[in-house]
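J.: After the C-alpha cells below, expect a handful of questions from me.
No value in this document is a laboratory result; all are computed from the given coordinates. Bear in mind the structure is a predicted one, so any value in this text is a computation, not a measurement. Cβ: placed from backbone, ideal geometry, glycine included. Neighbour counts: every protein chain shown.
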Amino acid sequence: MTTTDAATIEAWLEGRVVAYGKVEADSFTADTPLAELGLDSVYALTLCGDIEDAFDLEVDPTIVWDHPTIRSLAHGISERLAAAA
Amino acid sequence: MNAPTTAVAVTVASVEGVTATGVRWRMGSWRAAGDVRGRHLLARRWARELVTGRLGRDWEGFAPSEPGRKPRLLGPPGVDVSISHGDDTLLVAVVGSGLVGADVEDEPFAAFQAPSLVRRMCSPAELAELAALAGLDMPWALRRRILASAWTVKEATLKARGVGLAEDPRSVEVDLAALAAGGAASGPAVAIVHLVDGRAAVEHPGNDGAPSAWEGAPGGRGDRI
C-alpha cells in the first residue's frame, strides 16, 4: 500500500482489528480505545508486523500506547509515512 | 486512587502454587467476574490475598500504573507482582524478593499462526530452530503451542524486567526444542519468570512435563532461556 491518507489507513486498521477476531465489525468506532478491542501485547506485535508488510514501515509495539485509538494510530502512521517519503 | 478490590464478590474456581524459588501464584478462569472491569478487580483481589495470605506481608495497595507497564505496589519493600490474562485465564504471581513476570495464553493460540507475529517475536536463531522442527512434519497445532509457550517466557521475562514491549521480544531467546519436547498437550500456555541474584528462574505452572525451576540462565538481555 503506497498511501499516506489517514482515512485509508484507518479503514485498513479497522480491517486488521476485525481480522484478529476479538471484536465484531460493527461493535466499535475509530475512537474506541484499542484496549477495549482486545488489542493485547500479542496483537500489538502482530499489528506491527502487519504494518511493516502493508506500508514498508517499521514501528515498535509501543506505538499503540502512544496512539491508543484507531483514529490516532492512523494519523501516527500517516505522519511517519509522510516523513519517510 | 486505587479501586476498592473488596467490591468483587464473585467466587472464582482457581488453583494456587509456589515455584521452587518462592513465587506464589494463583490461576483460574476470570469469566465469572464478568467484564474487563470485573477481571481487573479480581486480579487486584488475588494479588492482595497472595501478598497477605501467602507471603504474610502487609497490603499497601497498588501504585498508579502506566499503559503497557507492569503494575507496581506501594509496598511493602521487596514485594513484586505480575498479572496476566488470556481470553479465559487469569494468572497472578507475587514474590517477596526479586522481580517477577507472569504470562498466560489460552488455546487455540490462533494469533501464533500469523507470519507477521512470528517474524517479530522470534530471533534469527529461533526461526532457524522452528524451521528445523517444522521439517519433522510438526502439526500446525503443536507449532502454535510451542510458539505460544515461547511467547509466555519472553513476555514474562520482559514483564519481570519492567520494560514490557518497550524492549524487543526477539532479545529474549528461548529454547524451542525443549518446549517441543516437554510441553503440555493441552490447556493454556503459562510461564512465570523470577529474576533474582542475576539469574532467571522459569517455571510453567500447570505443566508437569515442561522444564521447570532453575534453568541456570542469566537473566540479562540477550541470554537464552
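J.: Return only the number of the condition from (1) hydrophobic (A, V, I, L, M, F, W, C); (2) in a helix (DSSP H, G or I); (3) more than 14 Å from chain B (Cβ to nearest Cβ) that A:C48 does not satisfy.
T.: In the conditions (1) hydrophobic (A, V, I, L, M, F, W, C); (2) in a helix (DSSP H, G or I); (3) more than 14 Å from chain B (Cβ to nearest Cβ), A:C48 misses (3) alone.
For (1) touching a residue at least 60 places away in the same chain (Cβ under 8 Å); (2) within 19 Å of B:T19 (Cβ to Cβ), each residue gets a yes or a no:
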residue: B:R57; (1), (2): no, yes
residue: B:F62; (1), (2): yes, no
residue: B:R69; (1), (2): yes, no
residue: B:A131; (1), (2): no, no
residue: B:A134; (1), (2): no, no
residue: B:D137; (1), (2): no, no
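J.: Still on this structure: For a quick check of your reading of the model, give me the residue pairs whose first member lies in region B:166-187 and is polar (S, T, N, Q), whose second is surrounded by fewer than 19 Cβ atoms within 10 Å (Cβ to Cβ), with beta-carbon atoms closer than 9 Å and at least 6 apart or on different chains.
T.: B:S171/B:S123; B:S171/B:R221; B:S171/B:G222; B:S186/B:E107
J.: A further question on this structure: Of all the residues that make up region A:14-45, how many are at negative phi and within 12 Å of chain B (Cβ to nearest Cβ)? Let's see the steps before the verdict.
T.: At the first step, the residues of region A:14-45 found to be at negative phi are A:14-20, A:22-37, A:39-45.
Still in the running and within 12 Å of chain B (Cβ to nearest Cβ): A:16, A:19-20, A:22, A:33-37, A:39-45.
Selection size over region A:14-45: 16.
A quick yes/no check of all residues on (1) farther than 26 Å from B:V15 by Cβ; (2) of a type in the set (S, T, Y); (3) not in a helix (DSSP H, G or I):
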position	(1), (2), (3)
B:S82	no, yes, yes
B:L91	no, no, yes
B:S97	no, yes, yes
B:A111	no, no, no
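J.: Go through region B:90-109 and count every residue that is within 13 Å of chain A (Cβ to nearest Cβ) and either among the polar types (S, T, N, Q) or more than 21 Å from B:I192 (Cβ to Cβ) (or both).
T.: Selection size over region B:90-109: 1.
J.: Now a separate question. Inside region A:51-85, can you point out the residues that are within 14 Å of chain B (Cβ to nearest Cβ) and outside any helix (DSSP H, G or I)?
T.: The initial filter retains those residues of region A:51-85 that are within 14 Å of chain B (Cβ to nearest Cβ), namely A:51-69, A:72-73.
Listed by number, the residues that qualify are A:D56, A:L57, A:E58, A:V59, A:D60, A:P61, A:T62, A:H67, A:P68, A:T69.
J.: Is it true that B:A141 is closer than 19 Å to B:G182 by Cβ and either small (G, A, S) or within 11 Å of chain A (Cβ to nearest Cβ) (or both)?
T.: Values: closer than 19 Å to B:G182 by Cβ: yes; either small (G, A, S) or within 11 Å of chain A (Cβ to nearest Cβ) (or both): yes.
Against the criterion (closer than 19 Å to B:G182 by Cβ and either small (G, A, S) or within 11 Å of chain A (Cβ to nearest Cβ) (or both)), B:A141 qualifies.
The rows are residues; the columns are (1) aromatic (F, W, Y); (2) surrounded by fewer than 20 Cβ atoms within 10 Å (Cβ to Cβ).
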site	(1), (2)
B:E16	no, yes
B:A20	no, yes
B:W46	yes, no
B:V51	no, no
B:W59	yes, yes
B:K70	no, no
B:A93	no, no
B:D103	no, no
B:D106	no, yes
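Yes or no, residue by residue, for (1) touching a residue at least 60 places away in the same chain (Cβ under 8 Å); (2) within 16 Å of the chain's Cα centre (by Cα); (3) at positive phi:
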position	(1), (2), (3)
B:V15	yes, yes, no
B:S65	no, no, no
B:S84	yes, yes, no
B:D87	no, yes, no
B:V100	yes, yes, no
B:F112	no, no, no
B:L117	no, no, no
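J.: Do the conditions hold for B:D80, that is, is it more than 13 Å from every other protein chain (Cβ to nearest Cβ), acidic (D, E) and more than 21 Å from B:H204 (Cβ to Cβ)?
T.: Working: more than 13 Å from every other protein chain (Cβ to nearest Cβ): yes; acidic (D, E): yes; more than 21 Å from B:H204 (Cβ to Cβ): no.
Answer is no for this residue.
J.: If you check A:T69, A:T8, which single one turns out to be free of Cβ contacts under 8 Å to residues at least 60 places away in the same chain, touching a helix residue (DSSP H, G or I) at 6+ places or on another chain (Cβ under 8 Å) and not aliphatic (A, V, I, L, M)?
T.: On the way: A:T8 fails: touching a helix residue (DSSP H, G or I) at 6+ places or on another chain (Cβ under 8 Å).
The conditions single out A:T69.
J.: For region B:160-201, name all the residues that are aliphatic (A, V, I, L, M), within 14 Å of another protein chain (Cβ to nearest Cβ), in a loop (DSSP other than H, G, I, E, B) and surrounded by 19 or more Cβ atoms within 10 Å (Cβ to Cβ).
T.: B:V172
J.: Could you grab me the full set of residues in region B:110-132 that are facing another protein chain (nearest Cβ under 9 Å) and under 14 Å from B:L142 (Cβ atoms)?
T.: Our first condition is that a residue be facing another protein chain (nearest Cβ under 9 Å); within region B:110-132, this holds for B:110-112, B:114-121.
Residue satisfying the conditions is B:F112 alone.
J.: Just one of (1) assigned to a loop (DSSP other than H, G, I, E, B); (2) surrounded by fewer than 17 Cβ atoms within 10 Å (Cβ to Cβ); (3) in contact with a Phe, Trp or Tyr (Cβ under 8 Å, 6 or more places away or on another chain) trips up A:E36, so point out which.
T.: Among (1) assigned to a loop (DSSP other than H, G, I, E, B); (2) surrounded by fewer than 17 Cβ atoms within 10 Å (Cβ to Cβ); (3) in contact with a Phe, Trp or Tyr (Cβ under 8 Å, 6 or more places away or on another chain), the lone unmet condition for A:E36 is (1).
J.: Take region A:10-49 and flag every residue that is within 11 Å of the chain's Cα centre (by Cα) and more than 28 Å from B:L147 (Cβ to Cβ).
T.: Result: A:E10, A:A11, A:A30.
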